[in-house]
Structures are given as structure tokens and as C-alpha cells.
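Nothing in this text is a laboratory measurement; each read-out follows from the coordinates by a stated rule. What you see is a predicted model; the values in this text were computed from it and never measured. All Cβ positions, glycine included, derive from the backbone under ideal geometry; neighbour counts span all protein chains shown.
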Amino acid sequence: MTLKTDTCESCGGRLERKSSYIYQCASCGQKYYISADKIHKVSVQLSAGKIILICAAVVMAISAVAVVGYQFYTERLVVSASRFCVVFRDFLMEAYQKPAAEISKEDLARIKYLKIELDKGYRFTYSYEDYYDYENREQYEKTLSIITIQGSKSDFSPSNIEYFTGLTRLELYTEAWENYVLPEENKLRCIYCLDGLSRYGTPQFFTRINPDTLEEVAILGADGLKDFSFLDNLKGIKRFTLENATIPDKNLFHPLSGLEELNLCYVRLEEDKASETIEQFLTLPSLKRFYIEGTAAWYISNDQWSQWEQTYDGQIVLERK
């Protein structure tokens, strides 16, 4: 019995017959086996030693890939999970029912509304529905979910807000809103903050607002607010509410050239300058509604208020309480 070819398929050398079923290349030594059914099936025969070496090499290669892969995976999990402080991590794991490391950017972007309150723990109220898609507030409230996480101040990092890129409405009733960090890219339309003195001194929070989408801002409980430089970042907003703050300057709201609604609640004004200061507010070019509540509202005489109502009739709705 002979092969269809007398040359080695590997090196082209001459084949020599060694037995009834084995041929060997005279040049490279490779052996060829001729099957017993007389069909010329050629198979490579390897020694046991070579088989062991090859198997060992394969096992080592697989092990190396597995180790590298596992290290990469675990490092990715650690890095991914370490994005969040303890409080945010626990909130997200409960909200999404999976490990923090598996929570993706797409998951975080699904949250459209987020409110954080500090009251015997950190209470998160959130929704995957857009607040501004609902005309009926009661219907929207049915979409809300609430999760409370116990944790100390050291367990809470305001900077974690930067991961929620899908928010359209954000309400922060904790403290020191200046320490929060907004997403670099966001589509926020409304921000409500409870003021607190920032340990860093200068408010940087509003430097990341989206001027194309932000319409409303409210700063509540602003007793200690002294730096109003952030107003320069809010030129395009339409509605602004300020509570418990001391008004330092009659031109304070001058940067808000697009403002349509101004609400002042329990603000502090110098009594002898209250009339002049409020009149300056009423000259804002786009203003359509002015509301003032508290002691400062009654620094204005009834005659002066009536005069303003006549002057701005049809242009600005005036209301005091």
C-alpha cells in the first residue's frame, strides 16, 4: 500500500515506510499513519512526551488568561463600586436590586427626579418618570419611590450627584448645597436647595448648570448665605425663590435678565431701604410675577404697594403675605 504522495506535507522531504501502517519523513521525522480501511487518511502521531508538553502549555496559557481576566474583572468591579459613598451605594443597590459594581451609566441615567432629605437618615425620593411630562401632580406622585438609608456624614458624599446624568429635577434638603457636584452634562430644568454654610467658602455648584435647560432655582433656609456670585450662572432662569436670606444689594438680581417670577420668603431688608430695593426688583425686564412674604413685605406702605399695582397693572402680578 502506498500514499497518494511520497513527500512530507510539512517539509516536502521523502517519506520512508517503517511498518504496514506507518511512514516517516527522512528530513523532519514526522510520522504518517495509514488507516486499516485502506482509505488514505493521514494523521500526525506525537510522542507521549510531546503530548504532555503541549497539554501543559495549553493549561498554562488558559490559566494565565484566566488570572489576567479575573484580575481585570475584579479590579473593574472594585473601581466601579468605589464610585459611590456608602449611603449612595446602599441606596442604589436597593433601588436596582443588584451589586453596586453592576450598576451602569445607563441605569443611573434612568432616574429623572431625585430628592434627598436628611431626617433620621438620608431619605431618597426618586422616579424614573420625567416630572415635566405630567400636568397632574397627583398622578406624578404615584411614580415616586422612597428609600431611607442610615449613615453618618462621613458615609455621605455630595459629589455622587455627578453620576445622575438623566435628572430633570433635583431637590437637595440636606446641607451645604455648595458642596454638591452636578453632572458635567445634564438636562436639569429645576434645582431646589436647602442652604448650609459650605466648608469650602465659595459656591461652585451652579458652574455646571445647563443654561439651555435650567428654568427654575430655589434656595431655601438661606440664613447663612453671603456669597451670591452664583447668580451670574443663572442668567437664563425664569423662576427664582429665595428664603430666609439677607438681601445685601438692591441690584442683587440684576444678572437674572430673563427672570419671569421672583419669590422672596422671609428675606431680610433694611427697613428704610426696602421700598427702593423692591422697586429695583420690579424693573427686571422680563418679570411677570413678584411675591414677597414675611416682615419685609410690610415695610412697604399700603399706598406704595397700591401705586405699584397701578404702575405694573397688566405687566406684573404683585402679591404679598
Only counting other Cβ atoms within 10 Å, I'd like VAL87, VAL317 sorted with the fewest neighbours first. VAL317, VAL87
Fewest-first ranking of TRP308, TRP177, TRP298, using other Cβ atoms within 10 Å as the exposure measure: TRP298, TRP308, TRP177
Report the local net charge at ASN251: Lys and Arg +1, Asp and Glu -1, summed over other residues whose C-beta lies under 13 Å from its C-beta. -2
Cα centroid separation, the range 247-321 to the range 102-119 (Å): 37 Å
Counting C-alpha atoms alone, how compact is the range 151-249: give Rg to one decimal and Dmax as a whole number, in angstrom. 12.9, 40
List the aspartates and glutamates whose alpha-carbon lies under 13 Å from that of LYS105, not counting same-chain residues fewer than 8 positions away? GLU162, GLU185
Given LYS98/LYS142; LYS238/LYS321; LYS226/LYS250; LYS153/LYS238; LYS115/LYS250, which pairs have Cα atoms separated by over 26 Å? LYS153/LYS238; LYS115/LYS250
Order these by the 10 Å Cβ neighbour count, fewest first: ILE247, ILE147, ILE292. ILE147, ILE247, ILE292
